[in-house]
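So the structure is just underneath, and the comments pick up after that.
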Amino acid sequence: MTLAMGVPPHEPVRAWASVPEELSARVPVEQRRPGLDRDAVRMLVSRGVEVAHHTFPELPRLLRAGDLLVVNTSATLAAAVDGWIGHARVVVHFSTRGDDGRWAVELREPDGRGTTRARAGGPAGTEVCLPGGGWLVLEEPLSGRSGRLWWARVTGPGVPGLLREHGRPIRYSYTERDQPLSVYQTVFALPSADGAGSAEMPSAARPFTARLVTELVSRGVQFAPVTLHTGVASAEAHEPPYPERFVVPEASARVINAVRAGGGRIVAVGTTAVRAVESAAGADGVVGARAGWTDLVVTPERGVRVVDGLLTGLHEPEASHLLMLEAVAGREAIRRGYEAAVRGRYLWHEFGDVHFVLP
């Protein structure tokens with residue numbers, strides 16, 4: 001199976017040229033400030049073009065009884081595995097399992113600092129030896145527009161077992177060191193029976209703790225679980241997202257529709273949750289139970305049909321996710337919010353601070 005990649009019709013807003021290096025969150029907040037929990041991050045709140053500064057534990061006071069949070073239950077995989085092409089070491093990032101049993105993979109080169117750098121994809125027929133006696137063979141690019149990810153046939157031990165035995169979380173150069181997989185799991189993560197999961201953490205949910213979820217429920221905020229298994233994004237190539245597997249269960253579809261009908265707000269926790277629930281919505285905004293692949297790219301032209309708000313991280317200026325934020329809040333709101341984030345020295349990336357976007 002070959003999946004086409006959607007193309008947004010215009011570029012996202014660029015309120016800043018680049019993320020200042022010192023604003024990259026290099027370790028989780030609980031390691032930056034020992035004694036604190038993972039919810040001890042800052043939260044920028046954009047209501048239209050107005051910007052306010054909060055901390056994440058204040059979230060229950062910013063939501064109302066009857067509001068609903070859509071959360072992604074996909075567990076993060078230890079998706080990076082060492083491999084060898086001949087005598088040359090490479091790092092394989094396992095991205096997505098196809099319906100035909102192949103895996104979409106990205107091959108990267110070690111950079112000598114414990115992280116990796118981009119490597120030219122292919123060519124077809126390239127064989128990569130894997131730990132445990134297995135190997136993979138590259139067959140064809142995932143997309144005709146990019147040769148970064150390839151479909152590969154894996155022979156030998158199954159990939160879920162390979163990742164459990166020899167894998168580690170994908171790590172990019174802005175982080176300080178390798179972290180255990182538990183650091184990359186959210187409080188909502190559920191293991192999948194078939195070993196599927198996300199190559200990269202659905203990071204918007206990382207600051208949630210069991211204590212905070214309990215407080216939200218006690219205040220009348222509801223939760224709707226969905227699943228979207230994220231593929232490899234790569235720090236260097238800001239392409240639109242590839243098609244990804246998702247599930248919106250019947251129970252979640254019912255509660256989303258009931259909350260909308262009752263006047264509550266639907267707040268997605270992360271761009272993955274937006275992609276899943278919007279993929280299951282009809283033109284009238286009614287959500288149905290759905291499962292399969294989604295190639296939806298949410299843009300201002302397409303708009304959002306279900307989601308009223310979004311909790312997300314801070315994205316780099318080239319990221320296509322900014323188009324989704326514009327679809328929720330408008331271009332000027334996102335420009336002002338990101339200018340305030342840079343001025344306020346908010347931290348970027350998966351271990352960074354949070355942006356709460358409302359219309």
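Per residue of the range 101-114, in order, report the coupling 6.51 cos²θ - 1.76 cosθ + 1.60 (Karplus, θ = phi - 60°) as ³J(HN,Hα) in whole Hz, putting x for Gly and Pro.
Couplings: x, 6, 10, 7, 10, 10, 9, 10, 9, x, 9, x, 10, x Hz.
Sort 338-348, 284-294 for me by packing, meaning the mean count of neighbouring Cβ atoms within 10 Å per residue, highest on top.
On the way: 338-348: 17.6, 284-294: 14.7.
Final packing ranking: 338-348, 284-294.
Enumerate the calculated ³J(HN,Hα) couplings along the range 294-310 in order (Karplus 6.51 cos²θ - 1.76 cosθ + 1.60, θ = phi - 60°), each rounded to whole Hz, writing x wherever the residue is Gly or Pro.
10, 10, 5, 10, 7, 10, x, 5, 6, x, 10, 10, 10, 7, 9, x, 8
With a cut-off of at most 15 other beta carbons within 10 Å, and DSSP calling the residue loop, which trypsin sites (Lys or Arg not before Pro) in the range 171-254 qualify? Please list them.
Those that pass, being in a loop and sparsely packed, are Arg177, Arg219.
Points 7 angstrom from Cα along the Cβ direction at Asp100 and Tyr172: gap in nanometres?
3.0
State the Cα centre-to-centre distance between the range 246-284 and the range 146-225 in whole Å.
The range 246-284 and the range 146-225 have Cα centres spaced 21 Å from each other.
Work out from phi, with θ = phi - 60° and the Karplus expression 6.51 cos²θ - 1.76 cosθ + 1.60, the ³J(HN,Hα) of each residue of the range 122-139, listed in order in whole Hz, and give x for Gly and Pro.
Residue by residue, the range 122-139 yields x, x, 4, x, 4, 9, 10, 6, 10, x, x, x, x, 7, 10, 10, 6, 10 Hz.
Using a Gaussian network model of the chain whose springs link C-alpha atoms within less than 10 Å, name the residue from Leu63, Leu149, Leu36 with the highest mean-square fluctuation.
Leu36
If packing is taken as the average number of other Cβ atoms within 10 Å across a peptide's residues, how do 107-117, 262-272 rank, most packed first?
Working: 107-117: 15.5, 262-272: 22.7.
Ranking the peptides 107-117, 262-272 by packing returns 262-272, 107-117.
Using only alpha carbons, build the gyration tensor for the range 120-165 and give me the equivalent ellipsoid semi-axes, biggest first, whole Å.
Details: eigenvalues 97, 23, 12 Å².
Result for the range 120-165: semi-axes of 22, 11, 8 Å.
Where Rh denotes the Kirkwood radius from the mean inverse Cα pair distance, what is Rg over Rh for the chain?
Rounded to two decimals, Rg/Rh equals 0.95.
What is the distance in Å between the Cα centroid of the range 116-140 and that of the range 32-90?
One Cα centre to the other: 31 Å.
Over the range 80-168, what is the relative contact order in whole percent, taking alpha-carbon pairs under 8 Å and six or more residues apart?
The value is 27 percent.
Of the DSSP beta bridges with both residues in the chain, give the percent that are antiparallel, rounding to the nearest 5.
The antiparallel fraction comes to roughly 70 percent.
Would you mind classifying the range 99-179 by shape? Square roots of the alpha carbon gyration tensor eigenvalues, ordered a ≥ b ≥ c; an a/c under 1.5 is rounded, otherwise it is prolate if a/b is larger than b/c and oblate if not.
oblate
According to the square roots a ≥ b ≥ c of the eigenvalues of the Cα gyration tensor, what is the shape class of the range 37-172, taking rounded for a/c under 1.5, prolate for a/b larger than b/c otherwise, and oblate for the remainder?
prolate
Could you work out [θ]222 nm for the chain from helices alone, using -39500 (n - 2.57) per DSSP H run of at least four and dividing by all its residues? Round to the nearest 500 deg cm²/dmol.
Working: 8 runs with 68 residues, N = 359.
Theoretical 222 nm ellipticity from helices: -5000 deg cm²/dmol.
Read-outs throughout are calculated quantities, based only on the coordinates presented, and are distinct from any laboratory measurement. Predicted model only: the values in this text are computed from it and were never measured. Note that each Cβ is placed from the backbone with ideal geometry, even for glycine, and that neighbours are counted across all protein chains shown.
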